[in-house]
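None of the figures in this text is laboratory data; all of them are computed from the coordinates on show. Every value quoted in this text rests on a predicted model; they were computed, and no experiment measured them. Cβ coordinates were reconstructed from backbone atoms using ideal geometry, including for glycine residues, and neighbour counts include every protein chain displayed.
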Amino acid sequence: SDLKQAVSFKLSYYNEYKSYLSQNMSRRGKAGGKYDRRMSFDDVKDERMLVMVDKLCVWMGTILEEKLNRENLIAQIRNGALICKLAIVIQDSVDTFRTTSDDPGSLPNKGPVGFKDDVNNRSMEARENVNKFLTWTRELGVPESSVFSPDDLLKLKGKMNVVNTLLAVARRAKECGMSADIDAPPKIANAFKGLEEKFGKKFDHTAAAFGGAKTKLKTVETKLTSGSAWKVVQQKIDLILQLPGKPAYEIFRA
């Protein structure tokens with residue numbers, strides 16, 4: 001009898017805990033009513049990258065009058081309809097830029113047309129929506145290396161590739177005169193270059209846009225030929241003051 005009561009209590013506790021987890025985890029990254037880690041940015045550890053995601057959400061949310069954040073961004077844009085609407089809004093600035101600029105370059109003549117709202121994320125209509133947006137993105141001048149593949153969004157194979165493309169679109173929109181607060185925090189280029197090295201050339205354009213080409217660290221050789229050790233240390237300190245933002249270990253390593 002006591003054993004049955006103990007087992008019954010444990011099963012009851014387990015079911016309550018399972019229900020609690022289901023209710024709380026389903027608040028973020030929903031897919032079919034269940035928590036889907038591929039939609040969340042919980043696995044992104046670099047705070048600078050998360051800052052860029054936040055800025056992207058604020059920029060897109062302001063333009064589209066939607067409440068976007070890290071937790072719902074991918075879910076909201078997954079069927080392609082919202083990013084097509086984003087393209088249409090940006091197209092207005094593109095049209096104005098084309099008429100006022102002396103050398104506007106090659107730009108799209110119109111935003112995506114014929115896209116469909118309220119379609120299932122895995123439907124052919126959703127894939128057509130995403131492809132319409134990507135076609136417009138290429139016409140906008142975003143390099144092919146920075147354009148995500150449809151399955152990166154539709155099948156959740158690469159959310160950071162999607163973010164990278166949207167940031168590139170934001171930069172192009174800014175170049176066409178649209179307001180876009182997507183300036184990177186300090187050393188964000190290094191974060192993108194790390195992604196470039198990990199995933200290939202997908203992020204090389206973003207890295208270059210935020211931080212330019214990779215530069216070799218300046219090396220300084222100091223030999224203790226005369227004077228005190230403090231004099232050498234003082235020279236190192238003077239060098240740090242001349243190179244703001246350079247990690248101290250890169251200097252003292254010389």
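Observations, loosely collected:
- Across the stretch 145-172, the residues whose backbone nitrogen lies under 20 Å from the label position 7 Å along the beta-carbon direction of residue 88 are 166, 169-170.
- Peptides 122-129, 84-91 ordered by average Cβ neighbours within 10 Å, highest first: 84-91, 122-129
- Cleavage-rule hits, trypsin sites (Lys or Arg not before Pro), the stretch 44-78, DSSP coil, Cβ neighbours within 10 Å at most 11: 45, 67
- Potential lengthening between residue 96 and residue 48 on full extension [0.36 nm per residue; Cα-Cα distance subtracted]: 14.0 nm
- Note that the stretch 97-112 has calculated 3J(HN,Hα) couplings of 4, 5, 7, 9, 8, 5, 9, x, x, 7, 9, x, 7, 7, x, x Hz, one per residue in order, obtained from phi through the Karplus relation 6.51 cos²θ - 1.76 cosθ + 1.60 (θ = phi - 60°); glycine and proline are x.
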